[in-house]
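The values are calculated or read from the model by the stated rules, or taken from the named source; none is laboratory data. Fair warning: this is a prediction, and the values are worked out from it, not measured in the lab. When we count neighbours, we look across all protein chains shown, and the Cβ atoms used for this are built from the backbone with ideal geometry, even at glycine. Quick note on the areas: whole protein, heavy atoms, side chains included, nothing else; ligands and nucleic acids left out. Shrake-Rupley method; radii C 1.70, N 1.55, O 1.52, S 1.80 Å.
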Amino acid sequence: MTGFASTKDLEEKTITFAEIGKGIYAFTAEGDPNTGVVVGDDGVLIVDAQATPAMAQAVIDRVRSVTDKPITHVLLSHYHAVRVLGASAYTDAKVIIASDATRGLIVERGQQDMDSEIGRFPRLFRGKETIPGLTWPTLTFDGGISIWLGKREIRIAQPGRGHTAGDTIAYVPDAEVLFSGDLVEYKSACYCGDAHLAEWPRTIRMLRDYDPKALVPGRGDALVGRRKVAAAMDGTADFLQALYGTVKRSVKKGDDLKGAFAAVRKAMDKPFGNYAIYEHCLPFNVSRAYDEASGIAHPRIWTDKRDIEMWKQLQGK
């Protein structure tokens, strides 16, 4: 059986570490998961920890190139393994922050998600033997919370459901910089396997109210300039609407999952096929969209076994 596209993605990506506001940095790698860095008066906050402690060390090395202040806080934008399992590398961190909903998802499906992600995306879990287990937040919140690094405020909020049920963003008002997690991507496919697709575009509209002049998306280059930020938000919404709109029409016609997959390819391959991780995400995106359009409101849990069963169904086996 042909394997997932992600299992064949073994090419190393070039890391960029760019200052996008005073004391604010974006760690990006050509469509791999991004990490944000906020340097305050007396410490540093990290947004998303990377997939393994070994991979997180690359972030720590870049932080040490710009400041010797301790990394005191780690924020998890959501629960996916590729974002959170590197948290133990930040040994000075006093607090690991997540939304209440994200902690609930770790309880419900954290281990299954870890097993599923490691199985289908080996390159993004280099040094997986350094992972001590699931990452658990030490501080959770409902709605919003402010973290103060001396006089620097970081506003953390759960603006609505989208990529997951617990998506969390961070905004630094003195620099007008927003960290969106995977709610916004730039020239990268959205992973929608655990999404709430009908709500996601509305959540993006909530992010517009921040009117940031710089954005660190979940994947893709960091963006400086309000016009570029708005274009990234528009592009993400366009991707989601193309996916969910196409699948809803397929479900209404009575298509099976394989038929919906073919319809999505016809509608999306041309405008979005060159996006990072497009092929990796597509089977999971169509499957979740098909479920939601069929009335399954709460995303089903992905397991390594369910991954293969879904893939066989799409291949007609």
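Being of a type in the set (Lys, Arg) and in contact (Cβ under 8 Å) with a residue 24 or more places away in the chain is the filter; apply it to the range 124-155 and report the residue that is most open to solvent (accessible area, probe 1.4 Å). So that I can check it myself, show each step before the final result.
Pass one, the range 124-155, residues of a type in the set (Lys, Arg): 126, 128, 151-152, 155.
If we keep only those that are in contact (Cβ under 8 Å) with a residue 24 or more places away in the chain too, we end up with 126, 128, 151-152.
Details: Arg126: 95, Lys128: 116, Lys151: 179, Arg152: 25 Å².
Filtering first and then ranking leaves Lys151.
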Would you mind telling me which numbered condition in (1) surrounded by fewer than 22 Cβ atoms within 10 Å (Cβ to Cβ); (2) touching a Pro at 6+ places or on another chain (Cβ under 6 Å) Gly160 fails?
-> (2)
Can you find even one residue in the range 247-255 that is open to solvent by less than 40 Å² (accessible area, probe 1.4 Å) and within 19 Å of His163 (Cα to Cα)?
-> yes
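Open to solvent by 70 Å² or more (accessible area, probe 1.4 Å) and at pLDDT 90 or above - does that describe any residue in the range 278-293? Break it down into steps so the answer makes sense when it comes.
Of the range 278-293, the ones open to solvent by 70 Å² or more (accessible area, probe 1.4 Å) are 279.
Those left that are additionally at pLDDT 90 or above: 279.
Looking through the range 278-293, at least one residue is open to solvent by 70 Å² or more (accessible area, probe 1.4 Å) and at pLDDT 90 or above.
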Which of the residues belonging to the range 221-243 are open to solvent by 30 Å² or more (accessible area, probe 1.4 Å) and part of a helix (DSSP H, G or I)?
-> Arg226, Arg227, Lys228, Ala230, Ala231, Asp234, Asp238, Gln241
Those residues of the range 7-27 which are assigned to a strand (DSSP E or B), within 23 Å of Cys190 (Cα to Cα) and either open to solvent by less than 10 Å² (accessible area, probe 1.4 Å) or without any contact (Cβ under 8 Å) to a residue 24 or more places away in the chain (or both), in sequence order | Ala26, Phe27
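Please work out if Trp302 is buried (at least 16 other Cβ atoms within 10 Å of the Cβ), touching a residue at least 40 places away in the same chain (Cβ under 8 Å) and outside any helix (DSSP H, G or I).
Numbers: buried (at least 16 other Cβ atoms within 10 Å of the Cβ): yes; touching a residue at least 40 places away in the same chain (Cβ under 8 Å): yes; outside any helix (DSSP H, G or I): yes.
Against the criterion (buried (at least 16 other Cβ atoms within 10 Å of the Cβ), touching a residue at least 40 places away in the same chain (Cβ under 8 Å) and outside any helix (DSSP H, G or I)), Trp302 qualifies.
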Sole residue being touching a Ser or Thr at 6+ places or on another chain (Cβ under 9 Å) and under 21 Å from Glu199 (Cβ atoms), chosen from Leu215, Leu257 = Leu215
